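For reference, the structure is listed below as structure tokens.
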Amino acid sequence: MTDARMLDHTINKAAFWSAIVLILAGVLSVFFPLDAPEGPFADRMIWFSSNVDAYVMGWVVQMIAMLTLSGVLAGTAWQTRESHPLSTFVAGTALLIAVVSFIIPKFIAIWSIPQMVMASSTVSANAAVAEQLFQLLNPSLSFSLFTSFDYLGFWMYGVFGLLVARPLFRLTLSAKIAAVGLALFGLLYHVLFAGVMTGNVVTADIGPYAESMGILLLIPVISMAVYFRKAMKATGKE
């Protein structure tokens, strides 16, 4: 096997197992909370004090899911590098921006919020600061600093999807299915973005719309897992 084919085999294998881990992380995430129930600030803080370990574990799982999803998308972009190098490069840049954008709020959830909860539960000079920061980072608000980074990441996923959909559609059937899913996600997310910018989508509807669109990403994950599996077998025999 040549070095180029060995590299293809390694990337396809990594992307395939990223898809498998992503699916497992998606199932596991059902069992962990990502935010406190809506209610007064004092009640939310009490909930966090009692459930901070489960909350952190939930966001650790989310971190794993995001990284593995990005790995699947990176492997997807790799398939179009020869036919459309410029689109692939720009799509890869968008994917990198998405990863950075997603890491920031997830790191805050894992690192900062537990310390804020601890500080707010003690009588100290840091308690007031912790409570102010905690409200600014409220993950249940679509305009908070926390969720703004998440929506930026999904926007970059949308840009990625639009860039790779056309070259991906020229490959196998499973790649065509992935291309349709990525194109739909990219198109609908930009429609949502335009709706928010023009005021046609109210703040309360942003979260449900974005979450429903996120389901579309399962299409490229599953279909590209099939593609990667076949590509692994093909390169492994040569």
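Assuming a strict under-25 Å limit between Cα atoms, what lysine pair count do you get for the chain once near-sequence pairs (fewer than 8 apart, same chain) are dropped?
Values: K13/K176; K13/K230; K13/K233; K13/K237; K176/K230; K176/K233; K176/K237.
Going through the chain pair by pair, I get 7.
As a proxy for reagent exposure, H190, H84 were ordered by neighbouring Cβ count within 10 angstrom, fewest first; the result is H190, H84. Between A128 and F89, the simple label model (points 7 Å from Cα in the Cβ direction) yields a spacing of 5.3 nm.
Please state the relative contact order of the chain as a whole percent: Cα pairs under 8 Å, 6+ residues apart?
Values: 284 pairs, mean separation 54.2, N = 238.
Relative CO of the chain lands at 23 percent.
If each DSSP helix of 4+ residues adds -39,500 (n - 2.57) and the sum is divided by the residues in the chain, what number results at 222 nm, nearest 500 deg cm²/dmol? Present the calculation step by step, with values, prior to reporting the outcome.
Working: 9 runs with 188 residues, N = 238.
Roughly -27500 deg cm²/dmol at 222 nm, from the helical runs in the chain.
The Cα trace of the chain gives Rg and Dmax of 19.9, 67 Å, the first to one decimal, the second as a whole number. Within the chain, the longest run free of chymotrypsin sites (Phe, Trp or Tyr not before Pro) that sit in a DSSP loop with at most 12 other Cβ atoms within 10 Å is 32-142.
Residue exposure proxy: K233, K176, ordered by other Cβ atoms within 10 angstrom of their Cβ from fewest to most, comes out as K233, K176. Stretching the chain fully between H190 and A4 yields a gain of 63.3 nm (0.36 nm per residue, less the alpha carbon separation).
Each value in this text was obtained by applying a stated rule to the coordinates, not by laboratory testing. Since the structure is predicted, the reported quantities are computational estimates derived from the model, not experimental observations. Every residue, glycine as well, gets a Cβ built from its backbone with ideal geometry; the counts of neighbours run over all protein chains shown.
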